[in-house]
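This report concerns only the one structure given below.
The values are calculated or read from the model by the stated rules, or taken from the named source; none is laboratory data. Predicted, not measured: the structure shown is a model, and the values here were computed from it. Cβ: placed from backbone, ideal geometry, glycine included. Neighbour counts: every protein chain shown. Side chains are part of the model used for accessible areas, which takes the heavy atoms of the whole protein and leaves out ligands, DNA and RNA. Shrake-Rupley method; radii C 1.70, N 1.55, O 1.52, S 1.80 Å.
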Amino acid sequence: MPGEHRYVRHLAPPDPATDDDASRTPSPWRPADAWSPSWLRARRDELDVVHVHFGFEHLTQDEMAQWLETVAALGLRLVYTVHDIDNPNLRGQDHHHALVALLLAAADAVVTLTDGAAREVERRWRRRPEVIAHPHLVSSAWLAGQRIAPPRARPVVGVHVGALRANIDAVGALEAITTATAPYDVRVLARADALATAKDARLLAALTQLRRQGAQVNGRPPLPQHDLWRLLADLDVLVLPYRWATHSGWVEECHDLGVGVLASDCGYLTEQSPAVRTFGWADVDSGADITPLLDLALAGRVRADPEARRDQRLSIARRHADIYRSLT
């Protein structure tokens, strides 16, 4: 769960009927129906294993405990993939960590995406997850046809602002970009609804300054997947201004598309892709020029080999199938 997420669908071997269907606009997030104990009971005969990924922050600890009791009472086996040690949508993490602890205690098998995350989970909760890498997110057809653009005189730098979720420090990143000394074409990747409701004076000032410097600051509605890939593929570097994170799907898409990544030095993003370069918030907050770091990200951009990514996905699918079979 959630079953509609592209990561979850890519745990299965490629299926042309669904894998390359990227024209649909993503629906607003809502909790998966499977979080209801009554939903599980009604479908008991159809299920052997329940696999949890993310999307459970709406549950109270009591509700999670009751749901786990239902899973056990029905004789279902539980797999939990720890995508987020810290939840990117929440500022306080105590509630999330409590839910993670409940899942880890109940799970029959635990998975995570990187060695670093596995070590942290073991240190904090005494469960050692199996490490299975993140599969590609860009569809196979795009992977086969994508080519890295030749170097440009003015590299295109995108700054991921999105919907201004809790872990995004848009102010810090945008202020740093306004003072970069090298000539870049800057594009702020933001949701229109986030910009329309933004009230932070420093954020609004940074956006105004960037517009004056010629940056593209145009909020966008939710995009079909292929339009988002076109937007990303036209960048040379994407800046990910996370204050906290564990893993990132944006890293995987940039790796698929040959876009360099400059991300804050949190979580285990550097273990996901060799193209990730990092910055420290202490340096950015003190006003350091990030131009050398952007140049490193430009020089380090590398596109994933499409055949290697496809083979990796098949290996990931086989490993998950082996886990499910071992539990039934």
Notebook entry, point to check: On alpha-carbon atoms, Rg over Rh for the stretch 64-119 using Kirkwood Rh?
Noted result: 1.00
Check: Taking Cα pairs under 8 Å and at least six residues apart, what relative contact order does the chain come out at, in percent?
Finding: 20
Next item on the list: Please work out the Cα center distance from the stretch 103-162 to the stretch 299-326, rounded to the nearest Å.
Entry: 11
Checklist line | Heavy-atom SASA rank of Ser38, Ser264 (probe 1.4 Å, accessible area, largest first) | finding: Ser38, Ser264
Checklist line | Average Cα contact separation per residue, the stretch 211-328, under 8 Å, 6 or more apart, as relative contact order % | finding: 22
Notebook entry, point to check: Which one is right for this structure if percent of Cα pairs over 35 Å apart is calculated from it: [x] 24; [y] 51; [z] 31?
Noted result: [x]
Check: In bins 10 Å wide, starting from 0, what share of all Cα pairs of the stretch 155-195 does each bin hold, as a percent?
Finding: 28, 54, 18, 0
Next item on the list: Quantify how much of the Cα-Cα distance distribution of the stretch 51-150 extends past 21 Å, in percent.
Entry: 42
Next item on the list: Give, in nm to one decimal, the length gained when the segment between Thr60 and Ala12 is fully stretched (0.36 nm per residue of separation minus the Cα-Cα distance).
Entry: 14.2 nm
Next item on the list: Could you state the angle between the C-alpha long axis of helix 201-212 and the longest principal axis of the C-alpha atoms of the chain, as a value from 0 to 90 degrees rounded to the nearest 10?
Entry: 50
Next item on the list: Set the Förster radius R0 to 35 Å, insert the Cβ-Cβ distance between Asp265 and Asp322 as r into 1/(1 + (r/R0)^6), and round the FRET efficiency to 0.05.
Entry: 0.55
Item checked: Heavy atoms of Glu271: accessible area, 1.4 Å probe, square angstrom to 10 -> 80
Note to self: Using only the heavy atoms of the protein chains and a 1.4 Å probe, how would Arg243, Arg44, Arg230 rank by accessible area, largest first?
What the structure shows: Arg230, Arg243, Arg44
Note to self: Can you give me the angle between helix 115-125 and the longest principal axis of the chain, using Cα atoms only, in degrees from 0 to 90, rounded to the nearest 10?
What the structure shows: 60
Next item on the list: Report, to two decimal places, the Cα Rg of the stretch 86-229 normalised by 2.2 N^0.38 Å (N = number of residues).
Entry: 1.35
Checklist line | Stokes-Einstein D (µm²/s) once Rh is taken as the Kirkwood radius of the stretch 161-268 over alpha-carbon pairs, at 25 °C in 0.890 mPa s | finding: 170
Margin query: Probe radius 1.4 Å, ligands and nucleic acids left out: which of Val111, Val131 has the largest accessible area, and how do the rest follow?
Written below: Val131, Val111
Notebook entry, point to check: Can you give the extra length, in nm with one decimal, that the chain gains between Arg243 and Thr208 once fully stretched, where that is 0.36 nm per residue apart less the Cα-Cα distance?
Noted result: 10.3 nm
Next item on the list: Would you kindly state how much longer the chain becomes between Ala196 and Ser315 on full extension, computed as 0.36 nm times their sequence separation minus their alpha carbon distance, in nm to one decimal?
Entry: 38.5 nm
Next item on the list: Compute the acute angle (0 to 90°) between the alpha-carbon long axis of helix 306-327 and the principal axis of greatest extent of the alpha-carbon atoms of the chain; round to the nearest 10°.
Entry: 30
